[in-house]
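K.L.:
Structure below; questions to follow.
Just so you know, all these numbers are worked out from the coordinates, no wet-lab data involved. Being a predicted model, the structure only gives us computed values, none of them experimental. Quick reminder, even Gly has a Cβ in these numbers, built from the backbone with ideal geometry, and neighbours come from all protein chains shown.
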Amino acid sequence: MCIFCKIVNGEIPNNTVHENEQFLAFHDLYPKAPVHILVIPKQHVDCFQDVQPEVMAGMTMFIQEVAKKTGLDKTGYRLVANNGEDGGQEVMHLHFHILGGGKLRWDHSHEDPHKSI
Ligand code: 5GP
Ligand code: ZN
């Protein structure tokens, strides 16, 4: 079972922000912004590339609720879904990063900036 499924099952503790039957939002253990929340579907899906559009409809509403609950809807936030190896996805359970709580830098540097993608 993957690490996020263990969080859903309560085998690994988490700092929950918001929850419903289908989705869970919790604080990232190693925050990369003043506010760093992860949003996952409770049912395991490997990555964004595999997710059903119907699940994303629910996910959209849920993320908007999280933003309202935390006040990020007013101040702004960044939504990130790393997908696969080149995308830097480390946990193979679909998750969206909600980043905010301060002005964020925009740096998508390539490992080799001289190599064309
Ligand atoms: P990825 O690199 O796959 O897009 O993001 C995985 C995220 O999960 C990382 O930001 C990492 O800090 C976070 N993370 C990894 N293990 C745990 C954990 O056990 N608990 C929580 N709350 N976050 C985790
Ligand atoms: Zn999982």
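K.L.:
So is V45 among the β-branched types (V, I, T), out of contact with any Leu (no Cβ under 6 Å at 6 or more places or on another chain) and within 14 Å of ligand 1 (Cβ to nearest atom) or not?
P.N.:
On the way: among the β-branched types (V, I, T): yes; out of contact with any Leu (no Cβ under 6 Å at 6 or more places or on another chain): no; within 14 Å of ligand 1 (Cβ to nearest atom): yes.
No: the conditions fail for V45.
K.L.:
Within segment 61-77, does at least one residue satisfy the condition of being in contact with a helix residue (DSSP H, G or I) (Cβ under 7 Å, 6 or more places away or on another chain) and within 30 Å of E111 (Cα to Cα)?
P.N.:
Scanning segment 61-77 turns up at least one residue that is in contact with a helix residue (DSSP H, G or I) (Cβ under 7 Å, 6 or more places away or on another chain) and within 30 Å of E111 (Cα to Cα).
K.L.:
Can you name the residue in segment 31-87 that is outside any helix (DSSP H, G or I), without any contact (Cβ under 8 Å) to a residue 12 or more places away in the chain and over 14 Å from the mean Cα position of the chain (by Cα) and, of all such residues, is surrounded by the most Cβ atoms within 10 Å (Cβ to Cβ)? Talk me through it step by step, then tell me what you get.
P.N.:
Kept after step one, since they are outside any helix (DSSP H, G or I), are these residues of segment 31-87: 31-47, 51-52, 71, 76-83.
Checking which are without any contact (Cβ under 8 Å) to a residue 12 or more places away in the chain leaves us with 31, 52, 71.
Now drop any that are not over 14 Å from the mean Cα position of the chain (by Cα), which leaves 52, 71.
On the way: Q52: 10, G71: 12.
The qualifying residue surrounded by the most Cβ atoms within 10 Å (Cβ to Cβ) is G71.
K.L.:
Then there is this: Within segment 88-116, take every residue that is assigned to a loop (DSSP other than H, G, I, E, B) and aliphatic (A, V, I, L, M) and give me the one that is nearest to I40 (Cα to Cα).
P.N.:
First pass over segment 88-116, keeping only residues assigned to a loop (DSSP other than H, G, I, E, B): 88-95, 101-116.
Filter once more, so that each one left must be aliphatic (A, V, I, L, M): 91-92, 94, 104.
Numbers: V91: 11, M92: 11, L94: 6, L104: 22 Å.
Per the stated criteria, the residue is L94.
K.L.:
Name every residue in segment 1-23 that is crowded, with 16+ Cβ neighbours inside 10 Å, over 24 Å from G102 (Cβ atoms) and either more than 13 Å from the chain's Cα centre (by Cα) or within 11 Å of ligand 2 (Cβ to nearest atom) (or both), in order of residue number. Working first, answer last.
P.N.:
Let us first name the residues in segment 1-23 that are crowded, with 16+ Cβ neighbours inside 10 Å, namely 4, 7-8, 14, 17-18, 23.
Narrowing further to those that are over 24 Å from G102 (Cβ atoms): 4, 7-8, 23.
Once the filter is applied, which keeps residues that are crowded, with 16+ Cβ neighbours inside 10 Å, over 24 Å from G102 (Cβ atoms) and either more than 13 Å from the chain's Cα centre (by Cα) or within 11 Å of ligand 2 (Cβ to nearest atom) (or both), segment 1-23 yields F4, I7, V8.
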